[in-house]
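Q: Before we start, here is the structure in question, set down as structure tokens.
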Amino acid sequence: MRRLVILALSLLVAAAVLFILLRLLPGDPANALLSVGADPAQIEAARREVGSDLPLFQQFLHFLSSLARFDLGTSFVSKTPVLGEIGNRLSVTLPLTLMSFVLALVIAVPLGIVSAVKADKWYGGLISIVSQLGIAIPVFWVGILLVTIFAVNFKLFPSSGFPLKGWSNFGAALYSLLLPTITIALVMSASLLRYVRSAAQDVLGSDYLRTARALGSSFPEALIRHGIRNGSVPVISILGIELATAFLGAVVVEKVFALPGLGSMLLLAIQQRDYPNVQGVLFISTLLVLLVGFFADLLQRIIDPRLRDNRARPA
């Protein structure tokens, strides 16, 4: 319950910051509804329509009451509900994020463990060096490089776009997301591998692992039964951060691959000064990032009972 209260307060603060920052932008939101040369009567009517004629405090209360009803408003440009449009765009962004995250785990976890166990071998050091290089490379540059190699030169993947029928054409939709997924996963796995390697090194030097070996357990058995669970606790918090990073990275990569996700929606809304769409995309993105952190914290407490035992112990 305490974590839920913190989550709700975080959302409230995020909504307030988002509202204030958007209102600090130059110009009136009503300008998105007006053509060049609008007369004062048209300007006043547009301001009443978008609510910018009200005092800021009343606008903020109206914004919060709308959020409480799960109403993110209506687009100034398309006149469609913002929440419905975000739902359509999430059908691209969320699968891209989740597939990238899973692929990054598949790459980072075994390589991180190998890098820690075989740190004295040449390939253990090589894995660490490659991961450091991967961290330094921007995700959009990796996307452009992969498009050049696998889409333009070898023509193995489409360079951009998403099927018009969406996920009803499942094979084509999945195929169009493969190269963006690999792009995000490569960058994310480089960062995640470092944390897995560090956690594995802590486990390898722990007393409980040496005790298990002294009691007759083989190294793989001791590592699986005792090491993985203890080593996963600090990694889970990093996984939450990496999943949130994958979501934000997907928003960037969507521009490179011309995918109709939240990223393209946000950029188009900014260009058109479509405040409801900008506000809605940023709020939903913030909500998803906070939810990821919330569930990562719960998972840590499930794995490690010490984190959920907050009762005072006698001295």
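Q: May I ask you to list the residues in segment 166-180 that are among the hydrophobic types (A, V, I, L, M, F, W, C), within 30 Å of Ala136 (Cβ to Cβ) and open to solvent by less than 10 Å² (accessible area, probe 1.4 Å)?
A: Once the filter is applied, which keeps residues that are among the hydrophobic types (A, V, I, L, M, F, W, C), within 30 Å of Ala136 (Cβ to Cβ) and open to solvent by less than 10 Å² (accessible area, probe 1.4 Å), segment 166-180 yields Leu177, Leu179.
Q: Check Pro163 against each of (1) exposed (fewer than 14 other Cβ atoms within 10 Å of the Cβ); (2) at pLDDT below 90 and name the one condition it does not meet.
A: Result: Pro163 fails condition (1) only.
Q: Tell me, please, whether a residue that is in a helix (DSSP H, G or I), more than 17 Å from Ser159 (Cα to Cα), basic (Lys, Arg) and open to solvent by 30 Å² or more (accessible area, probe 1.4 Å) can be found in segment 219-231.
A: Checked segment 219-231: at least one residue is in a helix (DSSP H, G or I), more than 17 Å from Ser159 (Cα to Cα), basic (Lys, Arg) and open to solvent by 30 Å² or more (accessible area, probe 1.4 Å).
Q: Still on this structure: Which residue out of Thr183, Thr148 is within 22 Å of Ser264 (Cβ to Cβ), part of a helix (DSSP H, G or I), at pLDDT 90 or above and open to solvent by less than 30 Å² (accessible area, probe 1.4 Å)?
A: Thr183
Q: In addition: For Asp309, are the conditions met, namely being modelled with pLDDT under 90, among the charged types (D, E, K, R) and surrounded by fewer than 20 Cβ atoms within 10 Å (Cβ to Cβ)?
A: yes
Q: Could I ask something else about it? Residues in segment 103-139 that are open to solvent by 70 Å² or more (accessible area, probe 1.4 Å) and farther than 15 Å from Ala190 by Cβ: how many?
A: Total meeting the criteria: 5.
Q: Now, a different point. Test Val252 against the stated conditions and say whether it is in contact (Cβ under 8 Å) with a residue 40 or more places away in the chain, open to solvent by 20 Å² or more (accessible area, probe 1.4 Å) and either under 23 Å from Leu11 (Cβ atoms) or of a type in the set (Ser, Thr, Tyr) (or both).
A: Considered against the rule, which asks whether it is in contact (Cβ under 8 Å) with a residue 40 or more places away in the chain, open to solvent by 20 Å² or more (accessible area, probe 1.4 Å) and either under 23 Å from Leu11 (Cβ atoms) or of a type in the set (Ser, Thr, Tyr) (or both), Val252 comes out as no.
Q: Further question: Take segment 191-216 and flag every residue that is open to solvent by 70 Å² or more (accessible area, probe 1.4 Å), over 28 Å from Ile137 (Cα atoms) and either assigned to a helix (DSSP H, G or I) or touching a residue at least 12 places away in the same chain (Cβ under 8 Å) (or both).
A: Asp207, Tyr208, Arg210, Thr211, Arg213, Ala214
Q: Does any residue in segment 81-98 that is within 15 Å of Val252 (Cα to Cα) come within less than 7 Å, Cβ to Cβ, of a residue that is open to solvent by 40 Å² or more (accessible area, probe 1.4 Å) six or more places away or on a different chain, and which pairs are these?
A: Short answer, once both residue conditions are applied: Arg89/Pro260; Val92/Pro260.
The values are calculated or read from the model by the stated rules, or taken from the named source; none is laboratory data. Nothing here was measured: the structure is a model prediction, and the numbers come from that model. Counting neighbours? That spans all protein chains shown, and the Cβs are built from the backbone with ideal geometry, glycine included. Surface accessibility is based on the protein's heavy atoms, side chains included, excluding ligands, DNA and RNA. Shrake-Rupley method; radii C 1.70, N 1.55, O 1.52, S 1.80 Å.
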